[in-house]
Amino acid sequence: MRPSYLGKIHLNWCDTCHTPVLGTTCACGSETRPVAITPPGDARPAFRADIDLVNEIFTDHFGAPLIPEGHLAVLNKVPEIDRMEEIVLGGAIVAAIRYLPEKGEWEPLPRPAAARYLVPTKRYVVADDGAVPSIREGSSLLAPGLVEIEDAVRAGDEVFILSKSGECIGVGRAKVDAAEARTMTRGAIVRTRKAAPADASPGPASWDDAVAANRQILDTYEGASLDFIRNVRASHTHLPINVSYSGGKDSLATLLLVLREMGPVPILYADTGLEFPETDANVREVAARYGLDVVRAETGDTFWEHFRKEGPPAVDARWCCSVAKLLPVSKIIAERWGESLSFIGQRKYESLSRKNSPRIWRNRVVGNQISAAPIQHWTALHVWLYIFREGAPYNCLYTEGLDRIGCFMCPSSDRAVLKRIRAAYPDLWKDWEEKLRSWQGEHGLPETWVSDDGWRRRGSGSDEDDSYN
């Protein structure tokens, strides 16, 4: 899939502080260096569950974890058939992980820089000294240059290529099993994978250190967003104000900004009845922490009535957003205020449609709401560092492996994420699957429509419909 260029890539690294920095100069005074992540470049912190997943994948495949305790890791989701994450450590992309839906498992894709953090005890090969220069330049490891191949290596496996001294000289994909490789006198053993030169600079740090390193940058972004809020308010003084709050990080950052500029305002929560219990808990916690009134736009049975007519929503048929969120929001605004100005956590790095969206607009479904996006130009890392700085109560689902907050069965979720949700919320998923199987039986659909998440897509359209933050 082609990368989407949605804005400038801001990710840099300070080798003095060992932290990500969203500009060319760290608060410590050191010059930073850019990290060449794949666009759109909406990098985010690796939380505990993310780190555990990466380390489980690498330990299973290579016999050693990748991310050490006390080091900051950043993840960058890249375009892929299902899900792929670049892993940044020490200011370099040291690896990626890719989910293989057909196998229901993750695949590690190391880069040579990963050897700064782990020593493989499985799935490695050792090359003769004479082959080292050509392998460094990207040539495949051929049979005459093979000194050793670890027993677990199978054709198609990702492997580290080591010199006889133990130095990592490359990475690649094995062409043959270990047993066959030992009998070969010619032919390729490993096809080396080329990667842009990048050297990681390991060092311990905390997210508090990262907040400090980005102090001036956060102040600048905060100031620009506060100016935006102030100017929008001045242009719409006749309208009552609220913040659209979803229980996600972007709406939380937006709320913090509005509170700083304007003081307490109501939060408008679209309660679809399909939210995670943790999201409902976060709405209550945030309201209690900041003394805010929660105005609930409740869907009731409308979603299920629509389901019975049209079947489940899909990536390319997202009727759910209008039915379960936008129409109830329009209704509650009409009842409560007539019309309102809502500050919404929209960011251009989320999708092409949001990049092309104006910062102030009227949604075609919610005609009685003027929406404004204070954090339109923020990346996910700007948002997270701001939340960390403010000590705000963010949704615990982020620490449990989810990177977006919405309905538990959202068709826009990757299959990798849905697999995780099925395991963590069996009761929720059981009820949803019963509804799917009922529709499947009534319409003569194949088993794979349910078992392989075929319900998520009706055609080949993209996920660019309106959503609601």
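The values are calculated or read from the model by the stated rules, or taken from the named source; none is laboratory data. Quick caveat: nothing in here was measured; it's all calculated off a predicted structure. Neighbour counts are summed over all protein chains in view; Cβ atoms, including those assigned to glycine, are modelled from backbone coordinates with ideal geometry. These accessible areas exclude ligands, DNA and RNA; they are computed on the full protein's heavy atoms, side chains included. Shrake-Rupley method; radii C 1.70, N 1.55, O 1.52, S 1.80 Å.
Overview of results
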read-out	value
ASP50 being among the charged types (D, E, K, R) and surrounded by 21 or more Cβ atoms within 10 Å (Cβ to Cβ)	yes
Test: residue in segment 369-377 that is surrounded by 21 or more Cβ atoms within 10 Å (Cβ to Cβ), modelled with pLDDT under 95 and of a type outside the set (Gly, Ala, Ser)	no
Residue match in segment 8-21 (condition: at pLDDT below 95, open to solvent by 50 Å² or more (accessible area, probe 1.4 Å) and in a loop (DSSP other than H, G, I, E, B))	yes
Verdict on ALA178 being touching a strand residue (DSSP E or B) at 6+ places or on another chain (Cβ under 7 Å), of a type in the set (A, V, I, L, M, F, W, C) and free of Cβ contacts under 8 Å to residues at least 24 places away in the same chain	no
Members of segment 309-343 that are of a type in the set (Ser, Thr, Tyr), open to solvent by less than 10 Å² (accessible area, probe 1.4 Å) and under 28 Å from the mean Cα position of the chain (by Cα)	SER342
Pick from segment 22-39, criterion assigned to a loop (DSSP other than H, G, I, E, B) and either open to solvent by 20 Å² or more (accessible area, probe 1.4 Å) or of a type in the set (Ser, Thr, Tyr) (or both), ranking: nearest to GLU222 (Cα to Cα)	ALA27
Single residue of TRP378, TRP361 found to be within 27 Å of HIS236 (Cβ to Cβ), free of Cβ contacts under 8 Å to residues at least 24 places away in the same chain and not small (Gly, Ala, Ser)	TRP361
Test result for TYR117, of a type in the set (Ser, Thr, Tyr), modelled with pLDDT of 95 or more and touching a Lys or Arg at 6+ places or on another chain (Cβ under 9 Å)	no
Which listed residue, of ILE217, ILE149, is touching a residue at least 40 places away in the same chain (Cβ under 8 Å), within 24 Å of PRO34 (Cβ to Cβ) and of a type outside the set (D, E, K, R)	ILE217
Odd one out for HIS306, checked against (1) surrounded by fewer than 20 Cβ atoms within 10 Å (Cβ to Cβ); (2) in contact with a helix residue (DSSP H, G or I) (Cβ under 6 Å, 6 or more places away or on another chain); (3) within 15 Å of VAL243 (Cβ to Cβ)	(3)
Matching residues in segment 160-172 - criterion: being over 30 Å from THR32 (Cβ atoms) and crowded, with 16+ Cβ neighbours inside 10 Å	ILE161, LEU162, SER163, GLY172
Odd one out for VAL147 among (1) modelled with pLDDT of 95 or more; (2) assigned to a loop (DSSP other than H, G, I, E, B); (3) open to solvent by 70 Å² or more (accessible area, probe 1.4 Å)	(2)
When residues of segment 363-403 are limited to those that are farther than 27 Å from ILE332 by Cα, hydroxyl-bearing (Ser, Thr, Tyr) and not in a loop (DSSP other than H, G, I, E, B), the one nearest to the chain's Cα centre (by Cα)	TYR398
Subset of segment 123-144 [open to solvent by less than 60 Å² (accessible area, probe 1.4 Å) and not in a loop (DSSP other than H, G, I, E, B)]	TYR124, VAL125, VAL126, ALA127, ALA131, VAL132, SER134, ILE135, LEU141, ALA143
Considering residues of segment 178-191 that are open to solvent by 20 Å² or more (accessible area, probe 1.4 Å) and either of a type in the set (Lys, Arg) or not in a helix (DSSP H, G or I) (or both) only, the residue nearest to ILE375 (Cα to Cα)	ARG191
Given (1) modelled with pLDDT of 95 or more; (2) under 22 Å from TRP378 (Cβ atoms), number of the condition LYS355 does not satisfy	(1)
Evaluation of ARG364 against (1) in contact with a Ser or Thr (Cβ under 7 Å, 6 or more places away or on another chain); (2) surrounded by fewer than 21 Cβ atoms within 10 Å (Cβ to Cβ) (one fails), failing number	(1)
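This table checks each residue for (1) over 24 Å from LEU53 (Cα atoms); (2) without any contact (Cβ under 8 Å) to a residue 40 or more places away in the chain; (3) of a type in the set (Asp, Glu); (4) not in a loop (DSSP other than H, G, I, E, B).
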| position | (1), (2), (3), (4) |
| --- | --- |
| LYS419 | no, no, no, yes |
| ARG422 | no, yes, no, yes |
| TRP429 | no, yes, no, yes |
| TRP432 | yes, yes, no, yes |
| LEU436 | yes, no, no, yes |
| TRP439 | yes, no, no, yes |
| LEU445 | yes, yes, no, no |
